């Protein structure tokens, strides 16, 4: 008789076999194919530590240190490894509230329960030292070492820039960065980010069940060393920069100084200035909000982003273009009538005199000859032709274009062309009489201060310029940007710029000149004043270069809402910058004290509006 349980035995064997196959298949899946399980297992025993490189240092033109690094620590957390934590003890040790702890842990969990993220960033050596010996008690937490930017002198914030944590846009744009990394946000820190940041390294450590490191994984065979960032050697003269910031300490405006022979920027500041150390470390966020809400806009870089009417300094470029086009000659004179308002001086009988006296009617008639050259009988077509020629030459002076400066967010200003006016007024519905305000640097013309300093450099060089720049070279191999050594020609004859130089010399030293306060004993200063109409009081504007022979410095100064014109405020400030740079110290102590201490800027918010000339 057959065993009645034999069929059952076979069934049981089959069930066990199926279950065994399922278990084996599942184990194979988890161990060989399931990456998530693999990663979870690794995270339980291995710790991937990013080795952050030291960011490159920055030096001034004389080798003085501007920006350096200091060691700080980030407290990292792996949420799933946090166990048996005495929260009150932990919070007291770190000096945070329970609510803060919960918020930080929630953020870490949302990032990843299994991967490390920053719990507390940029902890100083002193702060870390207070609870370093307690860290072993806090399972799931460990320290990652990195560096923090510090500034040797509290100057050049708008030039040097600052570093901040990457945002979502940064992460999307560049896979190199991970959450919690830092990136240059402004200034040279942003422009030279790839050179300064270096290359991150990686260290893999084994940890025990108590979250203690017990050695390198595979004896460090998979570790990579970080590569330090390259050092930047800037064109900035730190002593001159510091002096200029003291002069502008209680004012609004900007100063840009360039070495004409090279295009190297000696000084670039926007006032109000601020200490770059304010935007470092955990205090950065709070300080950024305060600076951003300040009505005087200290974070706004006026030297590169403010687009002002240039006023009468624009007349120098107007004269050069008119002479080149042959619509006037060096000895052309115009009667100083009441058109556009005369400054109560004799009629100018030459270009040199017109520049010296800054004669509005003279440049009104000069600009009219440029715009209406008589090429066409139709006045509208003739004006379109003239404006096109004028626009092209203004571009050659660097106006209406972005100069290739190695800083971000440089504005182009506005040199209106035919498309601009056709859109505004309609085609063949405008002529010289509609746009005459451009003749004296008003109307629709807008320039950026860096462009005006570059104009001074062009006149100093008698017709050409090199792209203004702030870094001479970087790295151990002294890498240079070849674009900064390309000579840009205006295409205007050298002898015309010699006329401009003599006129600008007379502005400072000649009888009837408008900027005698720019005179520096023993130095032949050549300058041009400007008064830029604006909301509130006019801006005081001045450009200059010195000495007249073999110029070493070209400078532009804007003092916002400073009633009295370019010769009253901007010119004497420019003279202090020139004297400081060429002599090493300012000898006119009383003069220096007066212009350092005084604040001629109209108080904010502005309450009075200046009416611009009507467009006809």
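Kindly evaluate residue 245 against the criterion of being out of contact with any strand residue (DSSP E or B) (no Cβ under 8 Å at 6 or more places or on another chain) and assigned by TED's automatic domain parsing to the domain that holds residue 552.
Spelling it out, it is not the case that residue 245 is out of contact with any strand residue (DSSP E or B) (no Cβ under 8 Å at 6 or more places or on another chain) and assigned by TED's automatic domain parsing to the domain that holds residue 552.
Determine if region 600-609 includes at least one residue that is in a strand (DSSP E or B) and under 25 Å from the mean Cα position of the chain (by Cα).
yes
If you scan region 353-369, which residues turn out to be out of contact with any helix residue (DSSP H, G or I) (no Cβ under 6 Å at 6 or more places or on another chain) and assigned to a helix (DSSP H, G or I)?
Passing the criteria: 353, 357, 361, 365, 369.
Considering region 535-549 alone, what residues qualify as being more than 19 Å from residue 343 (Cβ to Cβ) and surrounded by fewer than 24 Cβ atoms within 10 Å (Cβ to Cβ)?
Scanning region 535-549 gives 535, 536, 547, 548, 549.
If we scan region 278-286, do we find a residue that is assigned to a helix (DSSP H, G or I), at pLDDT below 95, within 31 Å of the chain's Cα centre (by Cα) and buried (at least 20 other Cβ atoms within 10 Å of the Cβ)?
Yes: one or more hits.
Can you find even one residue in region 82-92 that is surrounded by 19 or more Cβ atoms within 10 Å (Cβ to Cβ), part of a loop (DSSP other than H, G, I, E, B) and in the same structural domain as residue 149 (by TED's automatic domain parsing)?
Yes, some residue in region 82-92 is surrounded by 19 or more Cβ atoms within 10 Å (Cβ to Cβ), part of a loop (DSSP other than H, G, I, E, B) and in the same structural domain as residue 149 (by TED's automatic domain parsing).
Go through (1) closer than 30 Å to residue 488 by Cβ; (2) buried (at least 17 other Cβ atoms within 10 Å of the Cβ) for residue 261 and report which single condition fails.
Tallying (1) closer than 30 Å to residue 488 by Cβ; (2) buried (at least 17 other Cβ atoms within 10 Å of the Cβ), residue 261 fails exactly one: (2).
For the structure I just gave you, tell me whether residue 331 is at pLDDT 95 or above, in the same structural domain as residue 511 (by TED's automatic domain parsing), surrounded by fewer than 23 Cβ atoms within 10 Å (Cβ to Cβ) and in a loop (DSSP other than H, G, I, E, B). Write out each step before concluding.
On the way: at pLDDT 95 or above: yes; in the same structural domain as residue 511 (by TED's automatic domain parsing): yes; surrounded by fewer than 23 Cβ atoms within 10 Å (Cβ to Cβ): yes; in a loop (DSSP other than H, G, I, E, B): yes.
Spelling it out, residue 331 is indeed at pLDDT 95 or above, in the same structural domain as residue 511 (by TED's automatic domain parsing), surrounded by fewer than 23 Cβ atoms within 10 Å (Cβ to Cβ) and in a loop (DSSP other than H, G, I, E, B).
Just wondering, is there one or more residues in region 510-526 that are buried (at least 24 other Cβ atoms within 10 Å of the Cβ) and part of a helix (DSSP H, G or I)?
yes
Out of (1) closer than 26 Å to residue 559 by Cβ; (2) touching a residue at least 60 places away in the same chain (Cβ under 8 Å); (3) out of contact with any helix residue (DSSP H, G or I) (no Cβ under 6 Å at 6 or more places or on another chain), the odd one out for residue 451 is which?
All conditions pass for residue 451, except number (2).
Condition test on residue 236, is it part of a strand (DSSP E or B) and modelled with pLDDT of 80 or more?
no
Let me confirm something: among 237, 294, 275, which residue is farther than 20 Å from residue 67 by Cα and either buried (at least 18 other Cβ atoms within 10 Å of the Cβ) or in contact (Cβ under 8 Å) with a residue 12 or more places away in the chain (or both)?
294
In region 337-360, what residues are surrounded by 19 or more Cβ atoms within 10 Å (Cβ to Cβ) and at pLDDT below 95?
Here is the first cut: in region 337-360, the residues surrounded by 19 or more Cβ atoms within 10 Å (Cβ to Cβ) are 348, 351-360.
Matches in region 337-360: 348, 357, 358, 359, 360.
Quick check on residue 552: is it under 26 Å from the mean Cα position of the chain (by Cα), surrounded by fewer than 18 Cβ atoms within 10 Å (Cβ to Cβ) and either farther than 28 Å from residue 360 by Cβ or in the same structural domain as residue 267 (by TED's automatic domain parsing) (or both)?
yes
So which residues in region 93-137 are surrounded by 13 or more Cβ atoms within 10 Å (Cβ to Cβ), over 23 Å from residue 278 (Cα atoms) and touching a residue at least 60 places away in the same chain (Cβ under 8 Å)?
111, 114, 115, 116, 117
Take the conditions closer than 26 Å to residue 176 by Cα, assigned by TED's automatic domain parsing to the domain that holds residue 226 and modelled with pLDDT of 90 or more and apply them to residue 62. Does it pass?
no
In region 221-234, what residues are farther than 30 Å from residue 49 by Cβ and surrounded by fewer than 21 Cβ atoms within 10 Å (Cβ to Cβ)?
233
Anything in region 464-474 that is touching a helix residue (DSSP H, G or I) at 6+ places or on another chain (Cβ under 9 Å) and either closer than 16 Å to residue 406 by Cα or crowded, with 21+ Cβ neighbours inside 10 Å (or both)? List them, or say none.
465, 466, 467, 468, 469, 470, 471, 472, 474
The values are calculated or read from the model by the stated rules, or taken from the named source; none is laboratory data. What you see is a predicted model, and the numbers here were worked out from it, not measured in a lab. So basically every Cβ, Gly included, is an ideal-geometry build from the backbone, and we count neighbours across all protein chains shown.
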